[in-house]
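Read through the structure below, which is laid out as structure tokens, and then see the notes.
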Amino acid sequence: MLDILEGQLPYNMWVPWNCTSFFSFLFTSLQEIISLIVATIVNIATETIVLGFCLQLCAQFEILEHRLQRMVKRREEEIFPKSSLNKVSREISKLSKHISHHLCIIRLAGTINGIYSKVIFVQFFVSILIFVYCWAGNEVMLKSIGLSEIVYHMDWMLMTNSEQKDLLMIMKRCIKPIKFTSSFLVILSLESYGNLLKMSFSAFNVLQQF
């Protein structure tokens, strides 16, 4: 702003018109300021959008875990009073909704990874927030694997045979963790961040020898 008051453009740039007049100077200055604001917003959005999706997936896993645990508690409360067939059918329908929720989380992660794989590749090598990216991706991996442990510690004796088979399918699917990748080179995880630091340190040592 001080540069504008002194009659200078905020940034030195070439424009296809003469900025000697007041209106052209004011127009060019506003253009540079608006461009800077838009570029800042786009940069922040690009830096944080994948991080936001990772946190959203972690939140969805925590919601699913809570719903599964609450379903077991309700089953324990209903097992002692007289139960009807309608209650059992309602619980089965609830479990099917939880299974659908789990599949939706997996499909959402696959869609995000497919759309933003190139962004992940670029951000992995140029972003200053690479540790945050790798931490968030690692948290998604841990949450996707940790769901099987939550299912394992449920009281299976309260479940019907069909419900036990459904829970077993959830555990089998959790064996394959959700990973945010770009080709075969980039995987957002703390292990990848450690490998990146090792590679950077090795390159630094090699350059020091010259």
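The values are calculated or read from the model by the stated rules, or taken from the named source; none is laboratory data. Bear in mind that the values here come from a model prediction, so they are computed numbers and not experimental data. Counting neighbours? That spans all protein chains shown, and the Cβs are built from the backbone with ideal geometry, glycine included.
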Going through segment 151-210 in order, the residues found to be in contact (Cβ under 8 Å) with a residue 60 or more places away in the chain and of a type in the set (Val, Ile, Thr) are Val151, Thr160, Ile170, Ile178, Thr181, Val186
Kindly list the number of the only condition in (1) farther than 26 Å from Ala59 by Cβ; (2) of a type in the set (A, V, I, L, M, F, W, C); (3) free of Cβ contacts under 8 Å to residues at least 40 places away in the same chain that fails for Leu142.
(1)
Please find, among Ser21, Ser89, Ser96, Ser35, the residue that is at pLDDT 75 or above, of a type in the set (S, T, N, Q) and either under 18 Å from Gln164 (Cα atoms) or in contact with a strand residue (DSSP E or B) (Cβ under 8 Å, 6 or more places away or on another chain) (or both).
Ser96
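Out of the residues in segment 136-191 meeting the condition of being of a type in the set (Asp, Glu) and closer than 18 Å to Arg67 by Cα, tell me which one is nearest to the chain's Cα centre (by Cα).
Taking the candidates together, the pick is Glu149.
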For segment 7-26, pairs from a residue that is β-branched (Val, Ile, Thr) to a residue that is surrounded by 10 or more Cβ atoms within 10 Å (Cβ to Cβ), with Cβ under 8 Å and 6 or more apart or across chains, are Val15/Thr28
Does segment 46-57 contain any residue that is at pLDDT below 80 and either out of contact with any helix residue (DSSP H, G or I) (no Cβ under 6 Å at 6 or more places or on another chain) or surrounded by 15 or more Cβ atoms within 10 Å (Cβ to Cβ) (or both)?
yes
Please state which one of Gln208, Gln123 is over 22 Å from Ala59 (Cα atoms) and more than 23 Å from the chain's Cα centre (by Cα).
Gln208
